[in-house]
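Enquirer: Pasting a structure here, questions to come.
The values are calculated or read from the model by the stated rules, or taken from the named source; none is laboratory data. As the structure is a computational prediction, the values presented were derived from the model and not from experiment. In this analysis, Cβ positions are derived from the backbone assuming ideal geometry, glycine residues included, and neighbour counts consider all displayed protein chains. The protein model used for the area step is the full one, side chains on, heavy atoms only, and it has no ligands, DNA or RNA in it. Shrake-Rupley method; radii C 1.70, N 1.55, O 1.52, S 1.80 Å.
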Number of protein chains: 2
Amino acid sequence: MTAARVAVLGAGSWGTAFALVLADAGSSVALWARRPALAAKLRECAENPEYLPGIPLPSAISATADPGEALDRAEYVVLAVPAQQLRANLASWSGHIPPAAVLVSLAKGIELSTCLRMSEVVVEAAGVEQDRVAVVSGPNLAREVAARQPAASVVACRDSGVAERLQKVCHSTAFRPYTNTDVVGCELGGATKNVIALAVGMAVGLGFGDNARASVITRGLAETTRLGVALGADPYTFAGLAGLGDLVATCSSPLSRNRTFGEKLGQGLTVAEIAASSRQVAEGVKSCAAILDLARRHEVEMPIVEHVTSVVRGELTPAEMLSGLVSRSAKPERHGW
Amino acid sequence: MTAARVAVLGAGSWGTAFALVLADAGSSVALWARRPALAAKLRECAENPEYLPGIPLPSAISATADPGEALDRAEYVVLAVPAQQLRANLASWSGHIPPAAVLVSLAKGIELSTCLRMSEVVVEAAGVEQDRVAVVSGPNLAREVAARQPAASVVACRDSGVAERLQKVCHSTAFRPYTNTDVVGCELGGATKNVIALAVGMAVGLGFGDNARASVITRGLAETTRLGVALGADPYTFAGLAGLGDLVATCSSPLSRNRTFGEKLGQGLTVAEIAASSRQVAEGVKSCAAILDLARRHEVEMPIVEHVTSVVRGELTPAEMLSGLVSRSAKPERHGW
């Protein structure tokens, strides 16, 4: 347990849950909400009624809509905004970020216009060294973490000393972080699992059972690992909490936005219909094209990501997607579908 | 699709479901049931009312309680009896097994008295060469396979030519087998997943959610892989369908005996109470001690298998087991719990 001064930028469900982890581990946390009205509600109710109703926020968490106030003297700056908004947000915060602070990305996705991972966006947009940028990724459904159910995660930074310090800052009774230096692997695992979860959701929505679901998870992790290795990641990372762990939790849980989105696609709704009925983002719907683009640039075959992207674009139905995947010719296991 | 003459020895749920796969793929199948009364029921009802009620058996499947009749001119002999009974059964069948037949193990477990894998038991007890022994293992919940839901699996044999021939014999529209030459990895994946599923079931029974479950699955696969590597298996096998895939299906499904058994342990029942209320075997309850024994002989740390074995022996409660696992000190991810 290490007491630190931490700014958490983004008061959605995961930003708020991670602020609770930090507070439980002994830090004082400034939680920034984009909307002043939400910041005011957090202060008044001492909870986040929009994203984590019923979970009290302890006094170690103070809410504000002023980024300068949140970032004042912060040793760690936790970035908890949606992936596609990270760059613009960083541009507006950069004057306030303390020069020695460690920047910690919680966002899972790939930037659409550039195909960059979140830590790469941070390095570019905030103008900091890679060794000061960390990511936290793992099987961490926000509502369960906020309820202090036991959870494990990975804190990754190219500088292992930074990862170890951050590990202490977020190690609470219920939340167990492991260190890793493979930032690339952790970020790819987190981004791609959203796309695989869409495929698993579609299988569930079409009425298929646990065998089909487990097969999509397994083959999805295999293609994610192939992309990771091509990008210089350690294949073992994908067998760990930020790869397999996160993928399994996301694909199992009815709390997962991406799996739920896929399930509705499988039941016959269109992307536009589902998007219209939900406030929260299914990041996989956005990131799939960027991941496919990355895969093509590196000549990696990713049949599941490719088929999901076609469904999202309206070029295939979910049933056509699954039969397309299943009907590929039989092969030795290590050669892909 | 290849028409072959196949004996399936064992008419439980998985033996019967695999007989359906073989028949769908074009073979003629003799399905042996230990009890003459069950064999007679299979013939009369053209279904297996005890293990797969409601699923019709096609005419390509003939049922018998006579092993000599079942094994007559069989090109493939599929062994679908419980792991701990395989040796005794093989002894009684050995005079009838055609000399050129390929023996295919479906059993998932480790022999208690010897710590041998099933294919090793086959080599010893049937006196055949390793290159004629294959295993089939993957995310294959019997009821879903019998319902022709899409499923994938691994057929493994040290001789890749034998694996390819067997692949053709069991490749149907709904069942998709991949080949692998890593018999050790496939068998260990199948045996150990039953023990990990007990741990996951206990977490569920204690009221924990998807984060905890995904973490136990991830760390469980990591310790299984460590044991496999020590025994000469290919680590990639554990990331495949016979490792990760089977583990995820077993740990997700309410149809899984081992997960269900663990869930009841988590709810406070004893091993004796649960065993008394169920006819089917939870293989993990038997195999855990043999796997722990193997791990100790090879000096591999397997904390989850160790803790599960203690619960099965009544030395720890499920709650003590989980808090014991969670309270281990924080580490880099690759170094285990």
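Enquirer: What ³J(HN,Hα) values, in whole Hz, does the Karplus curve 6.51 cos²θ - 1.76 cosθ + 1.60 give for region A:131-137 when θ = phi - 60°, with x put for Gly and Pro?
Expert: Karplus values, whole Hz, x for Gly and Pro: 5, 9, 10, 10, 10, 10, 8.
Enquirer: Check the straight Cα-Cα distances from B:Lys168 and name the lysines below 21 Å, setting aside those fewer than 8 residues away within the same chain.
Expert: Counting by Cα, and skipping residues close in sequence, B:Lys168 has these lysines nearby: A:Lys331.
Enquirer: So what's the angle, to the nearest 10 degrees on a 0 to 90 scale, between helix A:283-297 and the longest Cα principal axis of chain A?
Expert: The answer is roughly 70 degrees.
Enquirer: Sort shortest first the distances from B:Ser59 to its counterpart in every other copy, using label points 7 Å along the Cα-to-beta-carbon line, and give them in nm.
Expert: Label-point separations across copies, in nm and ascending: 8.3.
Enquirer: Using only C-alpha atoms and all pairs of different ones, pull out the Kirkwood radius for chain B in Å with one decimal. Spell out each step's value before the answer.
Expert: Values: mean 1/r = 0.0499 Å⁻¹.
By the Kirkwood definition, the hydrodynamic radius is 20.0 Å.
Enquirer: Turning to a different aspect of this structure: What relative contact order, as a whole-number percentage, does region A:168-302 give when Cα pairs under 8 Å and 6 or more residues apart are counted? Write down the numbers at each step before the final one.
Expert: Values: 171 pairs, mean separation 47.9, N = 135.
With pairs under 8 Å counted, the relative contact order is 35 percent.
Enquirer: Suppose every Lys and Arg Cβ carries +1 and every Asp and Glu Cβ carries -1, with no other charges. What dipole size does chain A come out with about its Cα centre, to the nearest 20 debye? Please list the in-between numbers first.
Expert: Details: 31 positive and 32 negative charges, 75 e Å.
With Lys and Arg at +1 and Asp and Glu at -1, about 360 debye.
Enquirer: Report the one residue of A:Ser160, A:Ile217, A:Ala126 whose Cα lies farthest in the direction of the positive end of the charge dipole of region A:120-275 (charges on C-beta: Lys and Arg +1, Asp and Glu -1; origin at the Cα centre).
Expert: The residue sitting farthest along the positive end of the dipole is A:Ile217.
Enquirer: Still on this structure: Taking 8 Å as the Cα distance limit and 6 or more residues as the minimum spacing, I'd like the relative contact order of chain A as a percentage.
Expert: For chain A, the relative contact order is 15 percent.
Enquirer: Let me ask something else. Could you tell me how many degrees, from 0 to 90 and to the nearest 10, lie between the Cα long axis of helix A:160-169 and the main elongation axis, the longest principal axis, of the Cα atoms of chain A?
Expert: 70
Enquirer: Now for a separate question. Could you rank the peptides A:307-313, B:28-34, B:111-117 by their average count of other C-beta atoms within 10 Å per residue, with the highest value first?
Expert: Per-residue Cβ counts within 10 Å, averaged per peptide and sorted highest first, yield B:28-34, A:307-313, B:111-117.
Enquirer: Tell me, what is the per residue accessible area of chain B in Å², probe radius 1.4 Å?
Expert: Accessible area per residue, chain B: 35 Å².
Enquirer: Starting from the eigenvalues of the Cα gyration tensor, five times each then square-rooted, give me the equivalent ellipsoid semi-axes of region B:66-222, largest first, whole Å.
Expert: Numbers: eigenvalues 175, 69, 42 Å².
Working from the Cα gyration tensor, I get semi-axes of 30, 19, 15 Å.
Enquirer: Size of region A:60-109 along its principal axes in angstrom, Cα-based, largest extent first?
Expert: For region A:60-109, the Cα spread along each principal axis is 28, 23, 18 Å.
Enquirer: What gaps in nm, shortest first, separate B:Ala3 from its twins in the other copies when you place the label 7 Å past Cα toward the beta carbon?
Expert: So the distances to the same position in the other copies read 8.2 nm.
Enquirer: Whose amide H sits under 5 Å from the amide H of B:Val154, counting only residues 5 or more places off or on another chain, with H placed in the peptide plane?
Expert: Long-range HN contacts for B:Val154: B:Ser137, B:Gly138, B:Tyr178.
Enquirer: Find the centroid of the Cα atoms in region B:26-50 and in region A:64-92, then give the distance between the two in whole Å.
Expert: Result: 67 Å between the Cα centres.
Enquirer: Could you go through region A:207-220 in sequence order and give the Karplus-derived ³J(HN,Hα) for each residue, using 6.51 cos²θ - 1.76 cosθ + 1.60 with θ = phi - 60°, rounded to whole Hz, and x for Gly and Pro?
Expert: Computed from phi, the couplings for region A:207-220 are x, 7, x, 6, 5, 5, 4, 5, 5, 5, 4, 5, 6, x Hz.
Enquirer: Still on this structure, please answer the following. If you place +1 on the Cβ of every Lys and Arg and -1 on the Cβ of every Asp and Glu, how big does the dipole about the Cα centre of the protein assembly as shown come out, in debye to the nearest 20?
Expert: Details: 62 positive and 64 negative charges, 132 e Å.
The calculated dipole for the protein assembly as shown is roughly 640 debye.
Enquirer: Here is a follow-up. Once you average over the residues of B:240-250, how many Cβ atoms of partner chains fall within 10 Å of each Cβ?
Expert: Details: counts 6, 7, 2, 2, 10, 11, 3, 4, 14, 9, 2.
Across the residues of B:240-250, the mean count of other-chain Cβ atoms within 10 Å is 6.
Enquirer: While we're looking at this one, here's another question. Let me know the volume per residue of the alpha-carbon convex hull for the protein assembly as shown, in Å³. Don't skip to the answer; put the middle values down first.
Expert: Details: hull volume 95.7 nm³, N = 674.
Convex hull volume per residue, Cα atoms: 142 Å³.
Enquirer: Something else: Normalised by the residues of region A:213-290, what does the relative contact order come to in percent, with Cα pairs under 8 Å and at least six apart? Present the calculation step by step, with values, prior to reporting the outcome.
Expert: Details: 34 pairs, mean separation 15.7, N = 78.
The normalised contact order for region A:213-290 reaches 20 percent.
Enquirer: Another question, if that's okay. Excluding ligands, DNA and RNA, what is the accessible area buried between chains A and B, summed over both sides, using a 1.4 Å probe, to the nearest 100 Å²?
Expert: Values: alone 14060 and 14060 Å², together 23890 Å².
What A and B bury together is about 4200 Å².
Enquirer: I would also like to ask the following. Just to confirm the number: angle between the C-alpha axis of helix A:13-24 and the first principal axis of chain A, 0 to 90 degrees, nearest 10?
Expert: 50
Enquirer: Is there a quick way to get the dipole size of region A:1-111? I mean about its Cα centre, with the Cβ of Lys and Arg at +1 and of Asp and Glu at -1; what is the value in debye to the nearest 20?
Expert: On the way: 8 positive and 9 negative charges, 33 e Å.
Dipole about the Cα centre, nearest 20: 160 debye.
Enquirer: Now for a different question. Per-residue HN-Hα couplings for region A:51-60, Karplus 6.51 cos²θ - 1.76 cosθ + 1.60 at θ = phi - 60°, whole Hz, x for Gly and Pro?
Expert: 10, 9, x, x, 9, x, 8, x, 5, 5
Enquirer: When each copy gets a label point 7 Å from Cα toward the beta-carbon at A:Gly127, what are the spacings between them in nm, shortest first?
Expert: Inter-copy label distances (nm, one decimal, shortest first): 8.2.
Enquirer: Show the residues, 5+ positions off or on another chain, whose built amide H is closer than 5 Å to the amide H of B:Ser105.
Expert: Long-range HN contacts for B:Ser105: B:Leu79, B:Ala134, B:Val135, B:Val136.
Enquirer: Let me ask something else about it. Which cross-chain or sequence-distant (5 or more) residues have an amide H under 5 Å from the amide H of A:Ala174, H modelled 1.01 Å from N in plane?
Expert: none
Enquirer: By how many nm would the segment from A:Ser277 to A:Gln85 lengthen if fully extended, with 0.36 nm per residue of separation less the alpha-carbon distance?
Expert: 67.0 nm
Enquirer: Right, next: Under 10 Å, Cα contacts only: if you run a Gaussian network model on chain A, which one of A:Gly262, A:Gly189, A:Gly95 comes out with the highest mean-square fluctuation?
Expert: Looking only at A:Gly262, A:Gly189, A:Gly95, the largest GNM fluctuation is found for A:Gly95.
Enquirer: Could you tell me what percent of the accessible area of the protein assembly as shown is made up of carbon and sulfur, with a 1.4 Å probe and every protein chain present? Walk me through the intermediate numbers first.
Expert: On the way: 12380 of 23890 Å².
Using a 1.4 Å probe with all protein chains present, the protein assembly as shown comes out at 52 percent carbon and sulfur.
Enquirer: Based on the mean of other Cβ atoms within 10 Å per residue, sort peptides B:212-221, B:56-65 so the most packed one is first. Working shown, then result.
Expert: Working: B:212-221: 26.5, B:56-65: 17.5.
Result, highest mean first: B:212-221, B:56-65.
Enquirer: Could you order B:Tyr236, B:Tyr76 so the one with the most accessible surface comes first? Probe is 1.4 Å.
Expert: Working: B:Tyr236 110, B:Tyr76 20 Å².
Output order, biggest surface exposure first: B:Tyr236, B:Tyr76.
Enquirer: For region A:9-134, just the Cα set please: Rg and Dmax, both in angstrom.
Expert: Here Rg and the maximum Cα pair distance are 14.0, 40 Å.
Enquirer: Sort out for me the Cα centre separation of region A:212-245 from region B:97-145, rounded to whole Å.
Expert: Computed from Cα coordinates, the inter-centre distance equals 29 Å.
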